[in-house]
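The values are calculated or read from the model by the stated rules, or taken from the named source; none is laboratory data. Because the structure is predicted, anything quoted here is derived from the model rather than measured. As a convention, Cβ positions derive from the backbone with ideal geometry for all residues, glycine included, and neighbour counts pool all protein chains shown.
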Amino acid sequence: MSVSAGVVSVIVVNWNRRELLRACLESLAAQTYAPLEVVLVDNGSTDGSAEMAEAEFGGRLALTVFRSPVNLGFCAGNNRGIERARGELIALLNNDAEAGPEWAAELAAVFEGRPEVGMAASKILVHEDPKRIDKVGHLIYLDGQNRGRGTGQIDRGQFDRAEEVLWPDGCAAMYRRAMLDEIGLFDEDFFAYADDAELGLRARIAGWRCMYVPGAVVRHHRGSSLGLLSSRRLQLIERNRILLAVKLFPLSLLWLNGVYWLARMGAGVWAGATGRGEAARFPGLGGKVKIAAALVRGNLSAMPLLPRMLSKRRQLRRFRKLTPSQVRRLLLQYRISLGELSKQAV
């Protein structure tokens with residue numbers, strides 16, 4: 001696919017969320033940036049989502065609809081969209097998110113005159129409570145678990161300064177096509193969750209930087225993909241933090257992964273006992289058993305994929321710019337504290 005100068009391509013992946021998708025596409029139809037194209041990847045929806053999009057937005061947006069007969073997940077879905085996109089800048093917007101009218105323009109502007117910038121992060125607010133922050137970039141804990149920067153805080157302007165962050169949240173992000181051509185697209189072994197972290201850290205290892213853009217505002221319905229109480233969600237999050245660490249972490253941190261994991265588990269148990277953090281969503285003994293079972297399944301399901309992650313780790317040599325010690329310093333610089341991590345819900 002040839003790249004068109006000036007075009008911003010927005011990829012929207014959808015699975016059976018017709019009404020949320022309608023609001024998402026309405027927000028894209030109101031964008032001030034032009035030229036803008038939208039590539040909708042429909043993951044085998046049965047609720048008429050794709051038909052609604054074509055009927056209501058085919059004449060209002062430069063819209064391409066790709067229909068998959070099955071649910072490809074976030075990673076493969078976005079990859080199929082990126083492969084069909086024409087833009088030199090590729091934006092992702094979740095179907096459960098609504099972008100402010102200046103969103104695309106604000107993100108695109110940060111790439112101008114900054115050839116080292118490969119990623120841009122949005123100011124993502126909670127849709128139901130837009131005074132509360134969902135994510136403004138990302139932080140990471142040293143066992144591979146990542147969290148949104150500022151998650152849960154009241155927005156008092158403390159994140160209203162453009163600045164470098166670790167990587168953007170895939171809910172609402174923009175990437176330079178040249179970066180993706182160099183390092184590759186989303187790792188489809190991840191399916192969903194921590195996929196944006198893996199792509200973002202891979203890009204940082206290749207020497208690309210990420211800027212946070214406070215004027216690029218998005219409102220996000222949290223947890224609508226699998227649901228906040230889904231044990232499948234917890235399993236994927238736990239599995240993928242292992243895959244991320246094995247694939248990308250320097251050995252100086254990787255060999256301590258179990259120690260950091262045990263510390264996180266201990267802090268999580270304490271937070272749950274005091275009604276905070278992720279465990280607070282799963283009350284009672286039954287809820288705690290559900291969490292424990294999901295964590296065990298997540299760790300076990302990671303094991304068969306480890307040889308593939310190790311093979312992909314060796315492939316990093318072809319574009320690596322940062323040394324392992326520089327990657328370690330980067331992760332320590334953007335590390336989330338154990339106390340803050342245990343208070344946050346995913």
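Among the residues of segment 161-176, is any touching a residue at least 24 places away in the same chain (Cβ under 8 Å), within 21 Å of Arg219 (Cα to Cα), crowded, with 24+ Cβ neighbours inside 10 Å and touching a Lys or Arg at 6+ places or on another chain (Cβ under 6 Å)? Looking for residues that are touching a residue at least 24 places away in the same chain (Cβ under 8 Å), within 21 Å of Arg219 (Cα to Cα), crowded, with 24+ Cβ neighbours inside 10 Å and touching a Lys or Arg at 6+ places or on another chain (Cβ under 6 Å), one finds at least one in segment 161-176, hence yes.
Kindly establish whether Asn95 is closer than 28 Å to Leu234 by Cβ, polar (S, T, N, Q) and part of a helix (DSSP H, G or I). No, not satisfied.
For segment 40-55, check the following and say yes or no: at least one residue is touching a residue at least 12 places away in the same chain (Cβ under 8 Å), of a type in the set (D, E, K, R) and surrounded by 21 or more Cβ atoms within 10 Å (Cβ to Cβ). Within segment 40-55 (the criterion being touching a residue at least 12 places away in the same chain (Cβ under 8 Å), of a type in the set (D, E, K, R) and surrounded by 21 or more Cβ atoms within 10 Å (Cβ to Cβ)), the answer is yes, since at least one residue qualifies. Only one entry of Gly144, Gly157 meets the criterion of being in a loop (DSSP other than H, G, I, E, B), free of Cβ contacts under 8 Å to residues at least 24 places away in the same chain and not β-branched (Val, Ile, Thr), and that entry is Gly157. Pairing residues of segment 1-27 that are in a helix (DSSP H, G or I) with residues that are aromatic (Phe, Trp, Tyr) and at pLDDT 95 or above, at Cβ distances under 6 Å and at least 6 apart in sequence or on separate chains, gives Leu25/Phe57. Taking the numbered list (1) surrounded by fewer than 20 Cβ atoms within 10 Å (Cβ to Cβ); (2) modelled with pLDDT of 95 or more in turn, Gly200 passes all entries but (1). Residues in segment 104-141 that are touching a residue at least 40 places away in the same chain (Cβ under 8 Å), part of a strand (DSSP E or B) and surrounded by fewer than 21 Cβ atoms within 10 Å (Cβ to Cβ): Val117, Val126, Pro130. Restricting segment 77-103 to residues that are under 13 Å from Asp42 (Cβ atoms) and surrounded by fewer than 22 Cβ atoms within 10 Å (Cβ to Cβ) leaves a set whose member that is nearest to the chain's Cα centre (by Cα) is Arg80. From the list Leu93, Leu139, Leu89, the lone residue that is in contact with an Asp or Glu (Cβ under 9 Å, 6 or more places away or on another chain) and not assigned by TED's automatic domain parsing to the domain that holds Asn240 is Leu139. If the condition is being touching a Lys or Arg at 6+ places or on another chain (Cβ under 7 Å) and farther than 14 Å from Ala172 by Cβ, then segment 102-129 contributes Phe111, Glu116, Val117, Gly118. Here is a check on your reading of the model: is Tyr175 outside any loop (DSSP other than H, G, I, E, B) and under 17 Å from the mean Cα position of the chain (by Cα)? For Tyr175, the condition - outside any loop (DSSP other than H, G, I, E, B) and under 17 Å from the mean Cα position of the chain (by Cα) - is met.
Between Leu20, Leu36, Leu25, the distinction of being buried (at least 24 other Cβ atoms within 10 Å of the Cβ), modelled with pLDDT of 95 or more and either touching an Asp or Glu at 6+ places or on another chain (Cβ under 9 Å) or within 13 Å of Ala108 (Cβ to Cβ) (or both) belongs to Leu25 only.
Of note, Asp181 satisfies the criterion of being more than 16 Å from the chain's Cα centre (by Cα) and either surrounded by fewer than 19 Cβ atoms within 10 Å (Cβ to Cβ) or not in a strand (DSSP E or B) (or both). Of the helices (runs of 4 or more DSSP H) lying entirely inside segment 190-265, those containing at least 2 residues that are hydrophobic (A, V, I, L, M, F, W, C), farther than 30 Å from Gly100 by Cα and over 16 Å from the mean Cα position of the chain (by Cα) span 231-248, 251-254.
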